[in-house]
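This report refers to the structure that appears directly beneath it.
The values are calculated or read from the model by the stated rules, or taken from the named source; none is laboratory data. This one's a predicted model, so the numbers in the text were calculated from it and none came from an experiment. For neighbour counting, all protein chains shown are included, and Cβ atoms are generated from backbone atoms with ideal geometry for every residue, glycine included. Quick note on the areas: whole protein, heavy atoms, side chains included, nothing else; ligands and nucleic acids left out. Shrake-Rupley method; radii C 1.70, N 1.55, O 1.52, S 1.80 Å.
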Amino acid sequence: MVEQLTKLFCVNENTPLEKISDPLLDQSEINLFIKREDLNHPYLSGNKWHKLKYNLVGALDKNYDTILTFGGAYSNHIYAAAAAGKVLNLRAIGIIRGEVHLPLNPTLKFAEECGMELHYIDRTAYRDKTGKEFIQSLRKRFGRFYLIPEGGTNELAVKGCSDIVKNINIDYDYLCCACGTGGTFAGLVTGLNGKKNALAFSILKGADFLTADISRNLKKYSGKIYSNWELILDYHFGGYAKYNNELLTFMKNFSRVNNVPVEPIYTGKLLFGIFDMIRKKKFNKGDTIVAIHTGGLQGLDGLAL
Ligand SMILES: *Cc1c(COP(=O)(O)O)cnc(C)c1O
């Protein structure tokens, strides 16, 4: 069923693995590759396809005609879920954090153009979005729907992201990705199944809670406890969607030299972090690192960089 869906969406399952060049990598004798999952689909790009695919199969299997999910105004997940709803002819409802700002930003404009119904709730109500009563009120209001949590993270998302590992066909020592909720990372660790090392780069400030979240997701999905992973907390740049000139300068140079577009919310921070850790000798000579490009480039349209 997921194969059919992959075909229907025309997803590229063989995204390139590109070698990154930089004098620092030569000096340190470290190989860095980037897995271009951002190229898997124009709208359900990067990890969002993997997080959604088994959820969409689940929704179709159980004959849902509506999906409902949550996100902020610039959310890559909302963008992807809206596109998925359109392709599958499902009613899609997006519960958006905060107030409506008109004109809509490019992310929400796209979602609305896909037919997603946008409903705005204030930040306090949004914080309580997993509460039983709140979900019940949504069911009363919208009828029967398949619920996809914020950022799309659930067990099926972890399963989907574990597939990313299968398509990396070189030998390597470290697998690295940017981390919001940690669902994608839990998938990668599951896919590694105890082999190699995995590093999660938190893009959130004060995200110590992610260690517990990731462990819980790992246990819930795989039933196992893994110890070959680590959460890196030093490269959040002040928090979600925060960045500074140092990051932007790094990104610009990286993109120009390697012809790989990145954005400052996720992959920019990830790559900055990897380079900084190389500079600080956190890796060994001869190590091979694979960084996952998780996509999210749609967000660049809404940023005035
Ligand atoms: C959503 C997103 C992430 C974070 O994924 P989580 O599973 O929530 O950790 C990382 N990178 C990009 C580009 C994203 O859009």
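Within this structure, residue 139 fails the test of being in a loop (DSSP other than H, G, I, E, B), under 19 Å from residue 59 (Cβ atoms) and not assigned by TED's automatic domain parsing to the domain that holds residue 223. The single condition among (1) open to solvent by less than 10 Å² (accessible area, probe 1.4 Å); (2) within 11 Å of the ligand (Cβ to nearest atom) that residue 48 does not meet is (1). For residue 190, the stated conditions do not hold, so it cannot be described as in the same structural domain as residue 287 (by TED's automatic domain parsing), crowded, with 18+ Cβ neighbours inside 10 Å, near the ligand (Cβ under 10 Å from one of its atoms) and farther than 14 Å from residue 289 by Cβ.
The rows are residues; the columns are (1) open to solvent by less than 10 Å² (accessible area, probe 1.4 Å); (2) touching a residue at least 24 places away in the same chain (Cβ under 8 Å); (3) more than 27 Å from residue 42 (Cβ to Cβ); (4) of a type outside the set (S, T, N, Q).
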position	(1), (2), (3), (4)
186	yes, yes, no, yes
195	no, yes, yes, yes
221	no, yes, yes, yes
244	no, no, yes, no
252	no, no, no, yes
255	no, no, no, no
275	yes, yes, yes, yes
283	no, yes, yes, yes
292	yes, yes, no, yes
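Within the range 65-84, identify whether any single residue is more than 30 Å from residue 191 (Cβ to Cβ), surrounded by 16 or more Cβ atoms within 10 Å (Cβ to Cβ) and over 20 Å from the mean Cα position of the chain (by Cα), and answer yes or no. Break it down stepwise before answering.
To start, the set of residues in the range 65-84 that are more than 30 Å from residue 191 (Cβ to Cβ) comprises 65-66, 73.
The next check asks that each one be surrounded by 16 or more Cβ atoms within 10 Å (Cβ to Cβ); those that pass are 66, 73.
Restricting the remaining residues to those that are over 20 Å from the mean Cα position of the chain (by Cα) gives 66.
Scanning the range 65-84 turns up at least one residue that is more than 30 Å from residue 191 (Cβ to Cβ), surrounded by 16 or more Cβ atoms within 10 Å (Cβ to Cβ) and over 20 Å from the mean Cα position of the chain (by Cα).
Where residues in the range 144-160 are open to solvent by 30 Å² or more (accessible area, probe 1.4 Å) and away from the ligand (no atom under 16 Å from the Cβ), which of them is farthest from residue 76 (Cα to Cα)? It comes out as 144. For the range 24-41, the criterion of being within 11 Å of the ligand (Cβ to nearest atom) and either in contact with a helix residue (DSSP H, G or I) (Cβ under 7 Å, 6 or more places away or on another chain) or outside any strand (DSSP E or B) (or both) is satisfied by at least one residue. If the condition is being surrounded by 17 or more Cβ atoms within 10 Å (Cβ to Cβ), at pLDDT 95 or above and of a type outside the set (Val, Ile, Thr), then the range 105-130 contributes 108, 110, 111, 114, 116, 118. Answer with yes or no whether residue 287 is acidic (Asp, Glu), surrounded by fewer than 16 Cβ atoms within 10 Å (Cβ to Cβ) and more than 11 Å from the ligand (Cβ to nearest atom). No: the conditions fail for residue 287.
Kindly establish whether residue 240 is assigned to a loop (DSSP other than H, G, I, E, B), touching a helix residue (DSSP H, G or I) at 6+ places or on another chain (Cβ under 7 Å) and open to solvent by 10 Å² or more (accessible area, probe 1.4 Å). Criteria not met by residue 240.
Counting only helices (runs of 4 or more DSSP H) that fall entirely inside the range 154-235 and contain at least 3 residues that are touching a Gly at 6+ places or on another chain (Cβ under 9 Å) and closer than 21 Å to residue 16 by Cβ, the qualifying elements are 155-166. Scanning the range 261-273 for residues that are open to solvent by 40 Å² or more (accessible area, probe 1.4 Å) and in contact with a strand residue (DSSP E or B) (Cβ under 7 Å, 6 or more places away or on another chain) yields a total of 1.
For first residues located in the range 53-77 and over 19 Å from residue 119 (Cβ atoms) and modelled with pLDDT under 95, partners that are within 14 Å of the ligand (Cβ to nearest atom) and open to solvent by 10 Å² or more (accessible area, probe 1.4 Å) and lie 6+ apart or on another chain with Cβ distances below 8 Å do not occur.
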